[in-house]
Amino acid sequence: MSHADFTQMWRDLAPVGRSASSGGYFRQPFTSAEREVAAWFLEQCRSRDLEITADEYGNVVAWWRPEGASGPGVLTGSHLDSVLDGGAYDGPLGVVSALAAVDVLRDRGGTPGRPLGIGVFVEEEGSRFGLACLGSRLLTGTTPVEQARELRDRDGVFFLDAVAAADLPSDATPLRWEDLRQVDCFVELHVEQGRDLVDRDAAVGVASSIWPHGRYRFDFGGDANHAGTTRMEDRHDPMLTYAGTALAANEAARLAGQRATFGRVDVHPNGTNAVPSRVTAWLDARADSEEHLAALVAEVERSAVDRAAREGTSAAVTAESVSPEVVFDPGLARRIAAPAAGTGRAGWPVIPTMAGHDAGILSGAGVPTAMLFVRNPTGVSHSPAEHAAEVDCLAGVNALAETLERLTRT
């Protein structure tokens with residue numbers, strides 16, 4: 001692979017789904033932008049003579065099966081969807097780097113002793129249907145299709161209706177979990193969503209674990225009324241209960257050294273001159289242990305209920321998704337992080353992450369899993385400002401190629 005190959009692939013993807021005003025990306029699952037980048041991926045795979053497999057939800061794995069390759073395969077890849085107004089690197093960097101890593105291995109003239117697959121999983125961010133890593137959850141059976149059938153986006157479109165309307169590859173071999181679960185391991189490359197590698201002055205790192213995390217819906221109820229004629233002391237305003245709860249969540253997380261974020265709010269009737277009757281808000285909570293996560297959410301819920309009782313409103317909390325701690329295969333992590341003979345490089349640091357990934361779902365489903373991170377100079381992610389220097393991206397490609405070469409040896 002030449003420098004120009006990676007640059008051209010990245011340039012091909014750059015304009016798709018990008019907002020002209022913010023510079024952020026809107027590649028929500030089964031929208032035109034996301035389907036365009038999915039089609040681009042299929043074209044790249046076909047140009048490399050990879051065997052395309054796909055399931056009924058839009059997950060795709062493309063296999064390089066050179067003559068003589070046998071035994072359990074090795075899988076890499078990531079996702080192509082984005083959060084609302086997101087960055088360019090979260091997800092696509094892992095997909096482009098996987099394609100580039102295959103090119104590196106081919107340019108070296110070697111062939112893997114095991115089949116090598118590149119996977120793209122749908123709705124990793126949960127930005128349209130509200131459940132993160134939905135594609136990999138459905139593929140592994142972690143989320144049953146009965147639950148997915150009830151998921152709707154903000155416009156009321158059901159998940160399965162969106163899938164049915166999408167242009168999924170018709171010439172693909174069926175992708176079945178009973179086949180994929182036999183892979184030897186899965187390695188996902190991802191831009192780091194933090195500054196750990198910056199502080200370590202390292203371009204590449206290896207993941208040790210994913211913090212436990214969850215999404216919780218807070219439903220606040222009150223009485224709709226006139227914004228001008230209703231005395232302040234006569235109001236039962238759920239917006240005030242929500243606002244106090246958001247401040248309490250921030251304080252609780254800060255004191256405990258954890259994470260709590262209210263990032264989405266739905267207000268009814270959403271009128272400028274009306275006291276709301278209902279406020280629904282979603283809390284994203286993360287902690288360094290499952291015990292600390294439960295304690296953090298319980299503290300935020302207690303604050304919400306207490307405030308509601310004082311303010312004449314109501315508060316109810318529903319856990320929409322909770323992901324336990326993921327500890328990646330320690331032996332695999334050590335093997336990947338260790339210096340490779342003849343390269344002259346030092347070992348890569350092994351670090352935890354607070355962000356969820358498809359790698360976590362596959363790990364929980366029993367697949368030995370690892371992650372590579374590429375340095376993010378600012379640590380900013382889920383934002384148009386998300387960035388990684390090209391020299392570090394290329395270092396990530398080489399790291400992934402080196403890793404895949406090691407893991408596909410028979």
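The values are calculated or read from the model by the stated rules, or taken from the named source; none is laboratory data. Note that this is a predicted model, so its numbers are computed, not measured. Don't worry about glycine lacking a Cβ; one is built from the backbone with ideal geometry, like all the others, and counts go over all protein chains shown.
Hey, can you tell me all the residues within the stretch 255-270 that are in a loop (DSSP other than H, G, I, E, B) and either of a type in the set (Asp, Glu) or without any contact (Cβ under 8 Å) to a residue 24 or more places away in the chain (or both)? I'd like the intermediate steps shown before the answer.
Of all residues in the stretch 255-270, those in a loop (DSSP other than H, G, I, E, B) come to 257-258, 269-270.
Answer for the stretch 255-270, where residues must be in a loop (DSSP other than H, G, I, E, B) and either of a type in the set (Asp, Glu) or without any contact (Cβ under 8 Å) to a residue 24 or more places away in the chain (or both): just Asn270.
Considering every residue within the stretch 315-336, establish whether at least one is under 21 Å from Val275 (Cα atoms), modelled with pLDDT of 95 or more and surrounded by 15 or more Cβ atoms within 10 Å (Cβ to Cβ). Before you say what the answer is, go through the steps one by one.
Residues of the stretch 315-336 under 21 Å from Val275 (Cα atoms): 315-316.
From what's left, modelled with pLDDT of 95 or more: 315-316.
Next cut, surrounded by 15 or more Cβ atoms within 10 Å (Cβ to Cβ) only: 315.
So far as the stretch 315-336 goes, yes, one or more of its residues are under 21 Å from Val275 (Cα atoms), modelled with pLDDT of 95 or more and surrounded by 15 or more Cβ atoms within 10 Å (Cβ to Cβ).
Tally up the residues in the stretch 1-15 that are crowded, with 19+ Cβ neighbours inside 10 Å and either farther than 16 Å from Ala100 by Cα or not aliphatic (A, V, I, L, M) (or both), please. Don't jump to the end; show me each part of the working.
Taking the stretch 1-15 first, the residues crowded, with 19+ Cβ neighbours inside 10 Å are 1, 6, 9, 13.
From what is left, the residues that are either farther than 16 Å from Ala100 by Cα or not aliphatic (A, V, I, L, M) (or both) are 6.
The number of residues fulfilling the criteria is 1.
What are the residues in the stretch 293-343 that are over 27 Å from Ala365 (Cβ atoms) and of a type in the set (A, V, I, L, M), if any? Give the steps one after another, and end with the answer.
As a first pass, look at the stretch 293-343 and keep what is over 27 Å from Ala365 (Cβ atoms): 295, 298-317, 339-343.
Within the stretch 293-343, Ala295, Ala298, Val300, Ala304, Val305, Ala308, Ala309, Ala315, Ala316, Val317, Ala340, Ala341 qualify.
Of all residues in the stretch 72-92, which are assigned to a strand (DSSP E or B) and within 17 Å of Thr369 (Cβ to Cβ)? Outline the logic, then answer.
Initially, the stretch 72-92 is screened for residues assigned to a strand (DSSP E or B), giving 74-79, 86.
Passing the criteria: Val74, Leu75, Thr76, Gly77, Ser78, His79.
Taking the stretch 239-279, which residues are in contact with a strand residue (DSSP E or B) (Cβ under 6 Å, 6 or more places away or on another chain) and basic (Lys, Arg)?
Arg259, Arg264, Arg278
Does the stretch 35-53 hold any residues that are farther than 18 Å from Ala98 by Cβ and either among the aromatic types (Phe, Trp, Tyr) or crowded, with 18+ Cβ neighbours inside 10 Å (or both), and which are they? Full working, then the answer.
The first filter runs over the stretch 35-53 and keeps only residues farther than 18 Å from Ala98 by Cβ, leaving 35-36.
Scanning the stretch 35-53 gives a single hit, Arg35.
Hey, can you tell me all the residues within the stretch 145-176 that are within 19 Å of the chain's Cα centre (by Cα) and part of a loop (DSSP other than H, G, I, E, B)?
Hits for the stretch 145-176 are Leu151, Asp153.
Thr142: among the β-branched types (Val, Ile, Thr), over 19 Å from Asp266 (Cα atoms) and at pLDDT below 95, yes or no? Reasoning before the result, please.
Values: among the β-branched types (Val, Ile, Thr): yes; over 19 Å from Asp266 (Cα atoms): yes; at pLDDT below 95: yes.
Here the answer is yes, as Thr142 does meet what is asked.
Consider Gln182 carefully, then state whether it is among the polar types (S, T, N, Q) and either surrounded by 19 or more Cβ atoms within 10 Å (Cβ to Cβ) or assigned to a loop (DSSP other than H, G, I, E, B) (or both). Give the steps one after another, and end with the answer.
Details: among the polar types (S, T, N, Q): yes; either surrounded by 19 or more Cβ atoms within 10 Å (Cβ to Cβ) or assigned to a loop (DSSP other than H, G, I, E, B) (or both): yes.
Yes: the conditions hold for Gln182.
If I filter the stretch 16-34 down to residues being under 23 Å from Asp392 (Cβ atoms) and in contact with a helix residue (DSSP H, G or I) (Cβ under 7 Å, 6 or more places away or on another chain), which single residue comes out as surrounded by the most Cβ atoms within 10 Å (Cβ to Cβ)? Break it down stepwise before answering.
To start, the set of residues in the stretch 16-34 that are under 23 Å from Asp392 (Cβ atoms) comprises 16, 18, 23-25, 27.
Filter once more, so that each one left must be in contact with a helix residue (DSSP H, G or I) (Cβ under 7 Å, 6 or more places away or on another chain): 16, 27.
Details: Val16: 19, Arg27: 29.
My answer is Arg27.
Of the conditions (1) under 25 Å from Phe129 (Cβ atoms); (2) in the same structural domain as Ser381 (by TED's automatic domain parsing); (3) in a helix (DSSP H, G or I), Val297 clears all except one; give me its number.
Val297 satisfies every listed condition except (2).
Cβ-Cβ below 6 Å, separation at least six or inter-chain, first residue in the stretch 141-159 and over 18 Å from Leu362 (Cα atoms), second assigned to a loop (DSSP other than H, G, I, E, B) and of a type in the set (A, V, I, L, M, F, W, C): which pairs?
Pairs that qualify, where the first residue is over 18 Å from Leu362 (Cα atoms) and the partner is assigned to a loop (DSSP other than H, G, I, E, B) and of a type in the set (A, V, I, L, M, F, W, C), are Leu151/Phe129; Asp153/Phe129; Phe159/Phe129; Phe159/Leu151.
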